[in-house]
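Worksheet: one structure, shown below.
The values are calculated or read from the model by the stated rules, or taken from the named source; none is laboratory data. Keep in mind the model is a prediction, meaning the values are calculated, not measured. Every residue, glycine as well, gets a Cβ built from its backbone with ideal geometry; the counts of neighbours run over all protein chains shown. For accessibility, only protein heavy atoms count, side chains too; no ligands or nucleic acids. Shrake-Rupley method; radii C 1.70, N 1.55, O 1.52, S 1.80 Å.
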Amino acid sequence: MLEIKNLHVEVENTKILKGIDLSVKPGEVHAIMGPNGSGKSTLAQAISGRDTYDVTNGEIIYLGKDLLDMEPDERAREGVFMAFQYPVEIPGVTNSYFLKTGLNEIRKHQGLEPLDAMDFLKHIKEKAKLLDINTDMLNRSVNEGFSGGEKKRNEILQMAVLEPKLAILDETDSGLDIDALRIVADGVNRLRTKDRAIIVVTHYQRLLNYIVPDHVHIMLEGKLVKSGDKKLAMELEEKGYDQIKEEYSSVKAKLEETV
Amino acid sequence: MALAIKDNNQLYISNFESLEKSLNGEAKSWVHQLRQDALNKFDELGFPTTRNEEWKYTNVTPIAQENFKHVLKPDLNAVTSNDVKRFEYPGLDTHLLVFVDGHFAGQLSSVRDLPDGVKAGSLADALRSDAAPLQQHLGKYAPYQDDAFTALSTAFIIDGAYIYLPQNALVEKPIHLLFLSSSHDEPFVSYPRNLIVAGKHSKATVIETYAGLNNNRYFTNNVTEAFVDENAYVEHYKIQEESSEAYHVSTTQVYQKANSNFVSNAVTFGGLIVRNNPRAILDAEGLESTLNGLYLGTGKQLIDNHTTIDHAKPHCNSHELYKGVLDGNARGVFNGKIFVRLDAQKTDAKQTNQALLLSDDASIDTKPQLEIFADDVKCTHGATIGQLDEDAMFYLQTRGIEKEMARNILTYAFASDVINHMNIKELRDYCHHRLLVKLQQDRLEGIDQE
Ligand SMILES: Nc1ncnc2c1ncn2[C@@H]1O[C@H](COP(=O)(O)OP(=O)(O)OP(=O)(O)O)[C@@H](O)[C@H]1O
Ligand SMILES: [Mg+2]
């Protein structure tokens, strides 16, 4: 479904991602963990198409198509979704208008009739209920004045409404209380089908108790340095990053010797 | 460069002479003395150049050098009730006064069931029938001593609206003044002159609409004076829809008494060179004044707003919110003067002005100008000029919304808070709709319904 090969990304001439390889198959859940600043969000943004992130090398193939050739909105219409680590506030645009417009653009692309105001409202209210989101939030400006947790839930509401094929959740669990965490995880699990894939970026093994990943990857300094199954996340929780950092630097040193 | 352009002074003087001839016996009246005095002033001043600090960013040479014809008698048959309908606000019931090329057109107007003693009609009629009550107001608030355009407009006081609200009068329906400019073979000028006198405890809403019927060149040189007496409340709207070739210079001068409230919403869509001077003089205690504005410039438009709020007495609040959207090669100018006189303690003045530049070739010159002489006051001002928020653009795009549409949504959102301050729903709807039309409406259906 998603094939990332040797991806190099720079921001303002600083190298951030230094050769990422990642293969995600339909139905899989991948978790990416890693210390602050290691490049997790950069990877998420590069997949979504943020143009301030320069892809200097490598490729991203999604459902057989070159993702790097597409604008962010085209990617979204093809089924790529990212839940932002820092959701953006948009004063003056109501949440429901925002969602309806996005949904109808995607439906149009899929050859479906756009939903009218009534149908949309019904659709979104159902989803909001499942996520325990107060429908008042729909008439407020996008994320404006939302609490941290509300913003994260709003991201999941958007995901539930847009029903993407590939969802990347960038630290959606940060700042959530335990009930919200469970609700969000439920929302994600509901989306889990054999033809969808999910990438979860997180710092906490806690979330992975609810959303059980098939693969766990550790990112360090712009590289995925170690992959494994869910046990890797538990190991990490116990030992922290130090051991992995050590392993990684000795590997790096050896590599440099041989060159 | 000279300080003034006087190339066409002779033209205006001869226009004045023709006007004088048409006046018959009226030439000795106080109004005509006022006209004569203003003409002399104009002759002395000439049109300003950009060396004049007040006109630094707005070059009016095209206005100064055009040979505008003065329409002494309009062809009222050239305008139909369908033309009028185009510029009425759907669903809004008003007292409608229509003016064609600056002259009142009674047969196109409809003013019915005004409360006792309230007047809403032609200024020319009022001056002919009973000029005396106007003398203490007309020309008394909008100074022309150092403002060539106001001087010229005052020299040609002929017609416009005269609105009079006696004490305690309450006019429910908005009074809509619709100034239409028709077509002539040559560029022409009109001088709509309005006087609003709101007595103590009176209340009314006045809408001024300026519109061109065709895409031709003309010049509207308007002055509106409003006297708002104690405890009166006047809500004022100015919707400017002049033709894309038109020049529009306009002063709205308000003089407020104790505990009164004046709210102005000025929206500019049209015109090639536009200068608005909304000014409020807060000359008594405990009053409230609001000057809000929105302008949307595209193509080669130049839109200049010079606002003035003059706090002359203590305990007054003023609010000001001006927002501009500039696309294409459009240019904006904003100058917001706030004076707080020595006497005006406990003043609370708030000014916000924001501009959104949608293209690399659009630009704005903006200058807040606070002159505060009292010490116990609260004055805040904030000015921002920006492009569209890249993060918000990206966010919208990641939800499947195409770039251009995302741009329009954000522009609409930027402008909508000024529009949402308007109390009349039909005007809000109209402005939203017009904004969308100017930003390619077909892509934004439904945004104003949610
Ligand atoms: N727009 C930018 N300009 C400059 N540097 C940037 C920019 N975006 C990211 N970076 C840098 O890139 C590095 C990786 O950032 P990124 O946000 O991808 O980290 P992360 O792994 O998501 O961290 P966290 O766990 O704190 O969210 C950081 O050093 C960051 O400062
Ligand atoms: Mg991050």
### Message
Quick check on segment A:33-43. Is at least one of its residues away from ligand 2 (no atom under 16 Å from the Cβ) and modelled with pLDDT of 95 or more?
### Response
no
### Message
So, B:His306, is that one outside any loop (DSSP other than H, G, I, E, B) and open to solvent by 10 Å² or more (accessible area, probe 1.4 Å) or not?
### Response
yes
### Message
From the list A:Lys65, A:Lys25, A:Lys5, exactly one residue is more than 16 Å from ligand 1 (Cβ to nearest atom), among the basic types (Lys, Arg) and within 19 Å of B:Gly400 (Cα to Cα). Which is it?
### Response
A:Lys65
### Message
Need the failing condition index for A:Ile60 against (1) away from ligand 2 (no atom under 16 Å from the Cβ); (2) closer than 18 Å to A:Leu224 by Cα; (3) of a type in the set (Val, Ile, Thr); (4) within 14 Å of chain B (Cβ to nearest Cβ), just the number.
### Response
(4)
### Query
Looking only at segment A:96-131, which residues are part of a helix (DSSP H, G or I), surrounded by 17 or more Cβ atoms within 10 Å (Cβ to Cβ), touching a Gly at 6+ places or on another chain (Cβ under 8 Å) and of a type outside the set (Ser, Thr, Tyr)?
A:Lys100, A:Gly102, A:Leu103, A:Glu105, A:Ile106
### Task
Filter segment B:388-404 down to residues that are more than 8 Å from every other protein chain (Cβ to nearest Cβ) and in a helix (DSSP H, G or I) and give me whichever is nearest to A:Ala83 (Cα to Cα).
B:Met393
### Within segment A:34-60, tally of residues that are on the phi > 0 side of the Ramachandran plot, within 12 Å of ligand 1 (Cβ to nearest atom) and assigned to a strand (DSSP E or B)
0
### Message
Looking at A:Ser41, A:Ser48 in this structure, which one is open to solvent by less than 10 Å² (accessible area, probe 1.4 Å) and among the hydroxyl-bearing types (Ser, Thr, Tyr)?
### Response
A:Ser48
#### Entry: Among the residues listed as A:Ile20, A:Ile47, the single one being within 14 Å of ligand 2 (Cβ to nearest atom) and out of contact with any His (no Cβ under 6 Å at 6 or more places or on another chain)
A:Ile47
### Query
What number of residues within segment A:136-158 satisfy the criterion of being within 11 Å of another protein chain (Cβ to nearest Cβ), open to solvent by 20 Å² or more (accessible area, probe 1.4 Å) and part of a loop (DSSP other than H, G, I, E, B)?
1
### Task
Give me the pairs, please: first residue somewhere in segment A:79-99 and more than 8 Å from chain B (Cβ to nearest Cβ) and under 23 Å from A:Val201 (Cβ atoms), second residue anywhere and within 14 Å of ligand 1 (Cβ to nearest atom) and part of a helix (DSSP H, G or I), beta-carbon distance under 6 Å, and either six or more positions apart or on two chains.
A:Gln85/A:Ser41
## Note on the structure
Within segment A:1-17, restricting to residues that are open to solvent by 30 Å² or more (accessible area, probe 1.4 Å) and within 16 Å of ligand 2 (Cβ to nearest atom), the one that is farthest from A:Ala185 (Cα to Cα) is A:Thr14
### Task
Scan the helices (runs of 4 or more DSSP H) fully inside segment B:1-103 and keep the ones with 2 or more residues being open to solvent by less than 10 Å² (accessible area, probe 1.4 Å).
B:9-22, B:30-45, B:61-65
### Query
Residues A:Val93, A:Val80: which one is modelled with pLDDT under 95, buried (at least 21 other Cβ atoms within 10 Å of the Cβ) and among the hydrophobic types (A, V, I, L, M, F, W, C)?
A:Val93
### Message
Criterion first (away from ligand 2 (no atom under 16 Å from the Cβ), closer than 13 Å to A:His30 by Cα, in contact (Cβ under 8 Å) with a residue 12 or more places away in the chain and open to solvent by less than 10 Å² (accessible area, probe 1.4 Å)) does A:Val200 satisfy it?
### Response
no
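The rows are residues; the columns are (1) surrounded by 24 or more Cβ atoms within 10 Å (Cβ to Cβ); (2) part of a strand (DSSP E or B); (3) among the charged types (D, E, K, R).
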position: B:Asn214; (1), (2), (3): no, no, no
position: B:Thr252; (1), (2), (3): yes, yes, no
position: B:Asn265; (1), (2), (3): yes, yes, no
position: B:Arg279; (1), (2), (3): no, yes, yes
position: B:Leu291; (1), (2), (3): yes, yes, no
### Query
Name the residues in segment A:168-186 that are open to solvent by less than 10 Å² (accessible area, probe 1.4 Å) and either more than 16 Å from ligand 2 (Cβ to nearest atom) or over 11 Å from the mean Cα position of the chain (by Cα) (or both), would you?
A:Asp173, A:Ala180, A:Leu181, A:Val184, A:Ala185
